[in-house]
Structure formats: C-alpha cells, structure tokens
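Before any comments, here is the structure.
The values are calculated or read from the model by the stated rules, or taken from the named source; none is laboratory data. All of these numbers come straight from a predicted model, not from anything done at the bench. Neighbour counts run over all protein chains shown; Cβ positions are idealised from the backbone, glycine included. Please note that ligands, DNA and RNA were not included when accessible areas were found on the heavy atoms of the full protein model with its side chains. Shrake-Rupley method; radii C 1.70, N 1.55, O 1.52, S 1.80 Å.
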Amino acid sequence: NPAECADKHTAESEEPTGELNPSYAFSPNLMTYGKYSRGYRQGGMMLTAGGSSSWGPESLDSFEVGAKTSFSRGATSGYLNAAGFYSKLTDMQVLAQLIPTPAATLAGVSPSSTVLNAAEARVYGLEIDSSLEFFDSLRISVGYTYLDTKVVDVATSEELAPSLEGTPYATANPQVASGTGFLDTPEHKLTLNATYTLPLDPALGELSVGTTWIHTSTIFTNYADPEYFQGFPVGLTPSNDLVNLNFDWMNVAGSPVSASVFVTNLTEEEVRIPSQFPFAFSGGAVHSGYMPPRMYGLRLRYDFGN
C-alpha cells in the first residue's frame, strides 16, 4: 500500500556568516590589508536504502593578509600583489560507508553511504600575482599559488555511532583519512604569460603575439585507488605543463574587424581528467578521459560602433 510507505523528513540549518576587511594605504602605490571571513555549507539529508540520515552545516574560518603594490620607473611599469592565508574547516561533510546490523543484513538491507560531519581540516597557502611592462610593448605576467591542505582529524566509528540511532546501520566508516590532503587540489600552480605588441603604424591596427605556460603539480583524485594501474594513472593526475599561443590583430588595417589565431596545448601534453567510475578492482578496467590535444583556430570579431 503506497499510502503506508509515505514518509516526510526535513533538515534545517543556519549559521552566521560575514567578513571583516580592514586595509591601510601607506601611499598611492602601496596598500596592505587583512581579512577575516566566515562561511558555511548548509546541512542536508539523504534517503538511504533502509531509512534516512541527515547532517549539519560545515563552517570555514579564513584569515588572510596581503599587500598590493604598483610602480613606474622610466619605460618600465608594473604591479605586485601578494597574499598569505590560513583557513580552518570544522564539522567537515564527508562521505561515509554504512554497514548494516546483522539483523538488518538478514532482512536484506545492503551496505549504503551517506554524508556525515566527521572531520576537521586546515588549509594554508600563498598567492602571488605580478606584471611588468617594458616600453609599452612587452608585458610579462606571473601568477603563482601554493596550497597546503590537510585533514587533521577524522571521527571514529564509535564516535559516529549515535548518528546512526534509529537506522538499520551499525557502523559508519568515513571515506577520508587523517593526514591526507584535499582531492583535486594541486599543491603548486604557476602561470607565465608574455605578450609583445609590434611597433606598427596605428592606422594598421594593433598586432600582438603572446604565449602562456601553465604548470600544475600532481593532483590526487582518489586515495582509495592505486596511484598507477599497469602504468596508467588512476588515483592521481600527474603534473603537467600546457603551452598556448595566440596572435591578435585588433582593427585590421583600421577596419572594425579584429582577428585572432590561437593554438592550445602546443606540445600535445596528455592531461588526465579524473574518472568518476574507476573499475580497477571491481571490473578489472580503468576509465579515464583526457583534455583535448593540440587545437588551433581562428576567431573573427566585428565592431558595430561605440
């Protein structure tokens, strides 16, 4: 009787959020700041095979200090921005495997999974953004990010047992380990861009050539899988370097037409995209996608007025 199966569940959560961001300008070319911000991800619920489970919000407290500078000397100008930050994540929402009680197993209840507030984590790092321009024709830009992430504490099955009361499950095993970093998060990322504008007569338009190099360090995508399986990356995406080129001609010969020729992934770097369905153990196969190989193309733009 479907009427006897109807059930209603609700989950509510609320947390204060906000930001405090004082700053001080020592001069028109130097500004320092500090920032504290607090955010939260709402709680939720999941209807499982044998009942329902709910979890509360996770909170993030973030602290940041930094400086923004600019300068101009002769034919050289530029800027340098730098920031350091530390964040603390409490009541972290993590996926947990649910193991049914012996009685529930006999009744046909299978293992399931849910989300629980079962961990604490911290993040600290550094961001640098800088640019130099020489003689109004050569611009070199650098961006660098360093991230150190760590899960510092994970609740035990015994500590999570009270959250399973009223369900057919006896044990909850969080699918995250203390001491590990965040998934899908590179420790280092460096971007270097150089653009040169040719000294043409302004009546011919503006012609520039540029190249971008992006280095990304190793990214762990799943700690439950082996890092490599028969020589193929499974639990991680190896470090990679991407090189892109572009040639831009703005207002071709003084016309309203602009053209751009581009090349992406010039060296045809093989960059793995994490798979959502790894079968290294259950099916004896590994499924992975990859970023596009080298591509090139042309873009045209027409301006119809101011």
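Rolling a 1.4 angstrom probe over the chain with all protein chains present gives an accessible area of which 58% lies on carbon and sulfur atoms. The stretch between Val142 and Phe262, if pulled fully straight at 0.36 nm per residue, gains 41.2 nm over its current Cα-Cα span. You can think of it this way: the chain between Leu192 and Tyr228 has 10.0 nm of extra reach, that is 0.36 nm per residue less the Cα-Cα gap. For the stretch 95-154, chymotrypsin sites (Phe, Trp or Tyr not before Pro) are listed when DSSP marks them as loop and at most 14 other Cβ atoms sit within 10 Å of their Cβ; the list is Phe135.
Can you compute the FRET efficiency between Leu20 and Thr180 using 1/(1 + (r/R0)^6), with r the Cβ-Cβ distance and R0 = 25 Å? Round to the nearest 0.05. Efficiency at R0 = 25 Å is approximately 0.20.
What is the dipole size for the stretch 34-126, taken about its Cα centre, with +1 at each Lys and Arg Cβ and -1 at each Asp and Glu Cβ, in debye to the nearest 20? Working shown, then result.
On the way: 7 positive and 5 negative charges, 91 e Å.
So the magnitude is around 440 debye.
In this Cβ point-charge picture (+1 for Lys and Arg, -1 for Asp and Glu), the chain has a dipole of about 580 debye about its Cα centre. In the full protein context, the chain carries 61 Å² of accessible surface per residue, based on a 1.4 Å probe and ignoring ligands, DNA and RNA.
Are there GluC sites (Glu not before Pro) in the stretch 1-101 that DSSP marks as loop and that have at most 10 other Cβ atoms within 10 Å, and which are they? Could you put the intermediate results ahead of the total?
Values: sites: Glu4, Glu12, Glu14, Glu19, Glu58, Glu64; in loops: Glu12, Glu14.
Within the stretch 1-101, the qualifying GluC sites (Glu not before Pro) (loop, at most 10 other Cβ atoms within 10 Å) are Glu12, Glu14.
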